[in-house]
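Report on the following structure.
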Amino acid sequence: LSLSVHADEGRVDAKRYHAFWLWSAVQSQPVLKQAQILYLHQAEIMLRQGKPVLHKRGLPYSAVKVPELWITVRVSTLDIPDSMLNALLKLRQNWVKTGSHVVGMQIDFDANSYRLDQYSVFLRKLKNKLPPNCKLSVTGLLDWAKTGSIEQLNQLPVDEIVIQTYQGRHTVTRYQEYLPALLRLKIPFKIGLAQNGVWDLHWQRYLATSPHYLGEVVFLLNGQ
């Protein structure tokens, strides 16, 4: 498949999709009514004066009527004590108690490709704490596929990777160059798109030739 722009290159229309991220500072949109999968940003772990701090984010606990709800946690450090990991498990359990169909937890961490081995150790520790019926998802950087080791990615102890084609609100320039390597993934993966960002539907069909490809997730934005 050529790396040139195709006629199908266009803006990401959220109405065409059924899986979404709803980040804590983003307002709800009518398109969420068609959601089959929702990644709900609920917590953030960041460093403050060199120590990890956990902040609750996003919607309060409530019954969310989607077939698959994932609880997403943004982390900026892997040096997270067990007490904080246990707090994340309780956060997930509180959502389960609402009657929402919580299928798993997702970690959003911008690991440099050279640190994937350290990330894997952290994820295995978390995975071992999760109940058997709770899946583990991670977001991934396009750079992982191009500069990292696909073999390392295939060994991550996760149930899926969602590779983001954007940074902030905008699609990564020349994102197409990173995509062919994804066909070598042997674990389930999805592609993350920014709402109203750039996306070529040819690539959607190209990635769908992989038996491990599970489709697209749209990162919703305010003002769309």
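The values are calculated or read from the model by the stated rules, or taken from the named source; none is laboratory data. Since we're looking at a predicted model, the values are computed, not measured. Positions of Cβ are generated from backbone atoms using ideal geometry, with glycine treated the same way; all protein chains shown enter the neighbour counts. Note: accessible area is taken over every heavy atom of the protein model, side chains too, but ligands, DNA and RNA are not part of it. Shrake-Rupley method; radii C 1.70, N 1.55, O 1.52, S 1.80 Å.
Segment 72-105 and segment 13-32 have Cα centres spaced 21 Å apart. Lysine pair count for the chain (Cα-Cα distance under 19 Å; residues 8 or more apart in sequence or on different chains): 21. Ligands, DNA and RNA left out, the 1.4 Å accessible surface of segment 70-185 is 47% carbon and sulfur atoms.
May I ask for the angle, rounded to the nearest 10°, between helix 82-97 and the longest principal axis of the chain, with both axes built from Cα atoms and the value confined to 0 to 90°? The angle comes out near 80 degrees. Separation of segment 146-224 from segment 35-65 is 22 Å, based on Cα centroids.
Take every Cα pair under 8 Å whose residues are at least 6 apart in sequence, average their separation, divide by the length of segment 171-224, and the relative contact order is 43 percent. Distance between the pseudo-spin-label points of Leu32 and Ile150 (7 Å out from Cα toward the beta carbon): 3.7 nm.
Measuring nothing but how far apart in sequence close Cα pairs (under 8 Å, 6+ apart) lie, relative to its length, segment 134-224 scores a relative contact order of 28 percent.
Here the peptides 196-206, 102-112, 45-55 are ranked by packing, the mean other Cβ count within 10 Å, and the order with the highest first is 102-112, 196-206, 45-55. Say R0 is 35 Å: what FRET efficiency, to the nearest 0.05, do Val96 and Arg205 get from their beta-carbon distance? Computed FRET efficiency for Val96 and Arg205: 0.45. Structural descriptor for segment 50-189: relative contact order 21 percent, calculated from alpha carbon pairs under 8 angstrom and at least 6 residues apart. Hey, quick one: spin label on Lys56, modelled 7 Å out along Cα-Cβ, who in segment 85-107 has an amide N within reach, i.e. under 15 Å? So the set is 87-98. Looking at the chain, the accessible area is 48 square angstrom per residue; that uses a 1.4 Å probe and ignores ligands, DNA and RNA.
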